[in-house]
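S.K.: Take this structure first; my questions come after.
The values are calculated or read from the model by the stated rules, or taken from the named source; none is laboratory data. What you see is a predicted model; the values in this text were computed from it and never measured. Methodologically, a virtual Cβ is constructed for each residue, glycine included, from the backbone with ideal geometry; neighbour enumeration extends over all protein chains shown. In case anyone asks, the SASA skips ligands and DNA or RNA and just uses the protein heavy atoms, side chains included. Shrake-Rupley method; radii C 1.70, N 1.55, O 1.52, S 1.80 Å.
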Amino acid sequence: MTIEHAQLYCETCETVTNHELHYAGRLLESVQCSVCQTQFELSQRALLPAYVKDLEGRIVSKPRRMLHRAARDPLAFARQLPGAILRQPRKFVREFWSLIRR
Amino acid sequence: MSSPATSAAFGPDGVRAALVVLAAGDGRRAEHHTNKVLLPLAGRRVFTWSIRWARLLPEITHTVLVVRDEDRDVVQEVLAREVEPPAVQVVTGGDTRHESELEALTALAPGIDAGEIDVVVIHDAARPLAHTGLFADVIAAAAEHGGAIPVRHQRHLTASRDDDRPPPSVVAVQTPQAFLARPLLDAYVRAKEDEFVGTDTASCIERYTDLPVWCIPGDAGNIKITFPEDLFLAERLLAKAHWDLSDGTSPHRERPHLRDLRHTGEHP
């Protein structure tokens with residue numbers, strides 16, 4: 001799970017406040033106002049199909065994204081590729097875990 | 001400041017447009033906060049989505065991104081990762097939207113003076129779902145009439161008190177907004193001399209020029225990220241469009257389903 005912070009308008013506080021955002025993969029899972037704790041989250045029923053569809057999109061677009069990266073900086077791409085491959089299983093286990101533990 | 005980025009191809013009518021993306025937010029908020037346009041949205045940062053769809057148009061020959069000074073390093077990293085060449089010119093914005101627009105136009109002034117830019121398209125980076133066709137429409141309308149803004153009729157509005165009468169026609173104005181480059185730059189130079197601060201680009205144009213501002217149909221999906229729910233909605237709208245808002249102009253049409261690859265014999 002990735003955590004980001006940003007200022008968004010909170011309708012409960014009626015002003016712009018800091019919010020904490022949780023992502024599963026590249027999919028937004030929940031947003032919580034840091035002041036009043038009002039939380040919006042995708043229900044488990046909606047999150048899983050959305051995640052599967054998004055994962056499919058990620059897999060399909062992966063070759064093109066890798067090609068872009070390789071074309072932009074071939075040396076850095078070659079240097080980082082082994083580590084990126086090794087990190088993938090752990091990354092997906094963490095994503096799946098964050099989805100099923102809700 | 002990096003040098004202005006240009007591409008060789010022009011639009012079908014020879015119109016050359018500069019894209020200005022406003023990502024500085026409201027600089028008047030004193031406290032430090034993460035800029036919402038830097039948030040991830042379906043695999044990209046919010047602000048790079050609209051740059052991607054707009055720059056599919058051959059009309060777009062220059063791109064200027066207006067950012068907060070404290071976001072500059074992060075923005076440069078994201079641009080290197082997510083935006084293809086030609087390079088985007090990054091400028092630091094002012095305290096208001098008007099000042100940020102002035103900074104962008106000042107950066108474009110040499111190109112406008114040299115006659116290299118006919119139209120300037122100004123877009124709010126917090127509207128990541130503006131599709132390629134909308135950019136094409138405002139550029140074409142601005143080139144023909146002088147200025148163009150996308151609007152949505154708000155027919156559902158009503159008076160909150162009995163003695164209030166709602167105007168007969170109310171519209172919500174969106175971005176991208178496009179204007180002829182020379183009058184736009186002149187208007188902002190005069191506004192600076194008068195210390196006038198407009199609420200949006202059209203207000204400055206209306207005050208200092210006689211250019212007609214043409215209203216074109218906006219898009220219900222062209223939402224502005226303001227509330228937390230907007231991020232969920234933007235994500236779903238992008239997924240529904242298979243992450244492709246190119247209106248068929250993209251050289252890399254998204255093939256979102258594994259079965260599409262099976263049909264073409266490709267493997268992920």
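S.K.: From largest to smallest, what semi-axes in whole angstrom does segment A:1-56 give when each is the square root of 5 times an eigenvalue of its alpha carbon gyration tensor?
M.R.: 24, 11, 8
S.K.: Straight-line reach from B:Lys192: which aspartates and glutamates have Cα under 12 Å away, leaving out those fewer than 8 places along the same chain?
M.R.: B:Glu99, B:Glu101, B:Glu103
S.K.: Nearest 100 Å² is fine: how much accessible area is buried between A and B, summed over both sides, with a 1.4 Å probe?
M.R.: Buried area (both sides, nearest 100 Å²): 2900 Å².
S.K.: Further, regarding this structure: Against the longest alpha carbon principal axis of chain A, how many degrees, from 0 to 90 and to the nearest 10, is the axis of helix A:74-100 turned?
M.R.: Roughly 40 degrees between the two axes.
S.K.: Antiparallel DSSP bridges in segment A:1-79: what percent, to the nearest 5?
M.R.: In segment A:1-79, DSSP labels about 100 percent of beta bridges as antiparallel.
S.K.: Okay, moving on. What list of ³J(HN,Hα) couplings, whole Hz, do you get for segment A:18-26 from phi and the Karplus terms 6.51, -1.76, 1.60, once you set θ to phi - 60° and write x for glycine and proline?
M.R.: Listing the rounded values in order: 6, 10, 9, 10, 10, 10, 9, x, 9 Hz.
S.K.: Can you list residues from other chains, or at least 5 along the same chain, whose modelled amide H is less than 5 Å from the amide H of B:Trp214?
M.R.: B:Gly147, B:Ala148, B:Ile149
S.K.: Give the aspartates and glutamates reachable from A:Lys53 as a straight Cα distance under 16 Å; neighbours fewer than 8 places away on the same chain don't count.
M.R.: A:Glu29, A:Glu95, B:Glu235, B:Asp244, B:Glu254, B:Asp260
S.K.: Would you grab the residues whose amide H sits under 5 Å from the one on B:Arg16? Only those 5+ places off in sequence or on another chain, please, with H modelled 1.01 Å from N.
M.R.: Result for B:Arg16 returns B:Asp118, B:Val119.
S.K.: Now, a different point. For segment B:124-251, which whole percent of the accessible surface, found with a 1.4 angstrom probe, sits on carbon and sulfur atoms?
M.R.: That fraction is 51 percent.
S.K.: Sequence neighbours fewer than 8 away in the same chain don't count; with that in mind, list the lysines whose C-alpha is under 17 Å from B:Lys224.
M.R.: B:Lys224 reaches B:Lys36.
S.K.: Along segment B:133-142, what does the Karplus equation 6.51 cos²θ - 1.76 cosθ + 1.60 (θ = phi - 60°) give for ³J(HN,Hα), rounded to whole Hz, x for Gly and Pro?
M.R.: So the J values, rounded to whole Hz, are x, 5, 4, 4, 5, 5, 5, 5, 5, 5.
S.K.: How much accessible area per residue does chain A have, counting only protein heavy atoms and a probe of 1.4 Å, in square angstrom?
M.R.: Using a 1.4 Å probe on heavy atoms only, each residue of chain A averages 60 Å².
S.K.: Rounded, prolate or oblate: pick one for segment B:122-198, where a ≥ b ≥ c are the square roots of the eigenvalues of its C-alpha gyration tensor, a/c under 1.5 means rounded, and failing that, prolate if a/b is larger than b/c, else oblate.
M.R.: The shape class here is oblate.
S.K.: Another one. By its C-alpha gyration tensor, with a ≥ b ≥ c as the square roots of the eigenvalues, how is segment B:27-103 shaped: rounded for a/c under 1.5, else prolate for a/b larger than b/c, else oblate?
M.R.: It comes out oblate by the Cα gyration axes.
S.K.: Using a/c under 1.5 as the rounded threshold, could you call segment A:2-100 rounded, prolate or oblate? The axes a ≥ b ≥ c are square roots of the C-alpha gyration tensor eigenvalues, and prolate needs a/b larger than b/c, oblate otherwise.
M.R.: Since a/c reaches 1.5 and a/b is larger than b/c, the shape of segment A:2-100 is classed as prolate.
S.K.: Could you work out, residue by residue across B:235-243, how many beta carbons of other chains sit within 10 Å of that residue's beta carbon, and then give the average as an integer?
M.R.: If you average over the peptide's residues, the count of other-chain Cβ atoms is 3.
S.K.: Next question, about the same structure. Hey, what did segment A:2-100 get for relative contact order, percent, Cα under 8 Å, at least 6 apart?
M.R.: After rounding, I find 17 percent.
S.K.: Of all the accessible heavy-atom surface of chain A, with the other protein chains kept in place and a 1.4 Å probe, what percent is carbon and sulfur?
M.R.: Roughly 60 percent of what the probe reaches on chain A is carbon or sulfur.
S.K.: Among DSSP bridges having both ends in the protein assembly as shown, what percentage is antiparallel? Round to the nearest 5.
M.R.: Percentage antiparallel, nearest 5: 60.
S.K.: Ok, one more. For segment B:18-102, which GluC sites (Glu not before Pro) pass both filters: DSSP loop (anything but H, G, I, E, B) and at most 12 other C-beta atoms within 10 Å?
M.R.: Qualifying residues, ordered by number: B:Glu31.
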